[in-house]
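The values are calculated or read from the model by the stated rules, or taken from the named source; none is laboratory data. In this text the structure is predicted, and so the values were computed from the model without any measurement. Glycine gets a Cβ as well: all are built from the backbone with ideal geometry, and neighbour counts include every protein chain shown. Please note that ligands, DNA and RNA were not included when accessible areas were found on the heavy atoms of the full protein model with its side chains. Shrake-Rupley method; radii C 1.70, N 1.55, O 1.52, S 1.80 Å.
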Amino acid sequence: MPELQSSWLLAELEPTVTRNLDRHLAAAKDWMPHEYVPWSRGRDFADLGGQAWSIEQSTLSPIARTALEVNLLTEDNLPSYHREVERAFGRDTAWGTWVNRWTAEEGRHAFCIRDYLLVTRGVDPDELERARMQTMQTGFDSGDKPLLHVCAYVSFQELATRISHRNTGRYTEDPIAEQLLARVAMDENLHMIFYRNLVSAALDLAPNETTRAIADEVVGFEMPGSIIPGFARKAVQIAKAGIYDLRIHHDEVVMPLIRQWGVLELEGLDAEGERARSELADFLDTLDAQATRFVEQREEAAAKKAARTPT
Ligand SMILES: [Fe+2]
Ligand SMILES: [Fe+2]
């Protein structure tokens with residue numbers, strides 16, 4: 001499959017970007033991140049004569065702490081994501097307008113989650129800062145993905161982030177954190193819709209190449225936070241807690257988009273497009289089976305733990 005010229009794709013998809021940018025601007029509500037932070041709970045840390053952080057000050061459970069920290073560090077890496085989308089979408093026309101608008105909206109996600117965690121003393125601020133420095137210095141690099149791959153990836157990633165924020169909020173059992181993360185998740189949802197509509201238009205325009213991009217991005221999907229220190233271990237804890245696991249990834253992130261796009265039912269694909277679709281279908285079966293096995297193992301482990309716990 002010869003790679004499509006990205007300049008051709010950018011020009012052909014520009015009317016879709018313009019339409020969806022307008023739709024997004026009409027749908028997005030301005031919201032004030034400071035209104036979601038319980039400032040009255042804040043106080044000085046040690047260097048200003050206050051109290052240093054210690055673990056008993058946090059009312060969050062260890063897993064809630066981990067999930068919030070992973071979500072925050074993921075959001076912190078916005079300069080890397082901005083670089084990625086700007087490289088693929090450019091600075092001109094509605095594409096460039098979207099890149100800047102999207103970046104501005106994403107910017108407040110890290111601010112308000114960090115403010116919440118600092119005033120509530122939810123996590124170790126020194127450790128958080130060291131992890132932020134390390135994460136941002138590592139950066140996020142997709143390896144110069146072609147335009148259609150970027151569009152497919154960000155569709156899945158925005159939806160994954162939406163689910164992850166929403167479920168983390170619920171898991172904290174703090175109504176303030178839940179409200180804050182639900183608000184952030186609403187932004188991610190609108191971002192997902194923008195990219196999802198772009199991929200739909202790309203499927204009409206270049207069905208074979210877009211099917212290939214979707215297949216590659218589903219098969220190779222990695223969370224943007226995968227470069228966070230200790231991510232693999234933290235992701236396991238987050239999965240065991242049911243905040244974000246393979247079952248959720250399959251049922252609530254991958255399949256809704258695959259269905260919405262109608263990828264598995266597309267007609268008129270050429271041999272290359274068919275090959276991509278069959279790779280995708282095979283992978284979805286594997287993912288579903290892995291998700292079932294993961295949930296079974298989690299339930300078995302929970303049953304064993306319950307049996308060991310004296311009543
Ligand atoms: Fe975000
Ligand atoms: Fe987003």
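Overview of values
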{"quantity": "All positions within the stretch 70-107 that are among the acidic types (Asp, Glu) and either touching a Cys at 6+ places or on another chain (Cβ under 8 Å) or within 15 Å of ligand 1 (Cβ to nearest atom) (or both)", "calculated": "GLU75, ASP76, GLU84, GLU105, GLU106"}
{"quantity": "Which numbered condition SER7 fails, given (1) surrounded by 11 or more Cβ atoms within 10 Å (Cβ to Cβ); (2) part of a helix (DSSP H, G or I)", "calculated": "(1)"}
{"quantity": "Residues satisfying the stated conditions in the stretch 271-289, i.e. over 22 Å from SER155 (Cα atoms) and either open to solvent by less than 70 Å² (accessible area, probe 1.4 Å) or modelled with pLDDT under 95 (or both)", "calculated": "GLU272, ALA289"}
{"quantity": "Qualifying position, being buried (at least 21 other Cβ atoms within 10 Å of the Cβ) and more than 15 Å from LEU148 (Cβ to Cβ), among VAL236, VAL218, VAL263, VAL254", "calculated": "VAL254"}
{"quantity": "Filter result for the condition that a residue is small (Gly, Ala, Ser), over 18 Å from the mean Cα position of the chain (by Cα) and within 25 Å of PHE140 (Cβ to Cβ), over ALA202, ALA206, ALA232", "calculated": "ALA202"}
{"quantity": "Enumeration of residues in the stretch 115-133 that are buried (at least 20 other Cβ atoms within 10 Å of the Cβ) and either of a type in the set (Asp, Glu) or within 16 Å of ligand 1 (Cβ to nearest atom) (or both)", "calculated": "TYR116, LEU117"}
{"quantity": "Residue in the stretch 47-63 that is under 23 Å from the mean Cα position of the chain (by Cα) and either basic (Lys, Arg) or outside any helix (DSSP H, G or I) (or both) present", "calculated": "yes"}
{"quantity": "Exclusive hit being aliphatic (A, V, I, L, M) and farther than 25 Å from ALA302 by Cβ, set ILE238, ILE243, ILE248, ILE193", "calculated": "ILE193"}
{"quantity": "Residues of the stretch 85-100 classified as touching an Asp or Glu at 6+ places or on another chain (Cβ under 8 Å) and within 15 Å of ligand 2 (Cβ to nearest atom), total", "calculated": "1"}
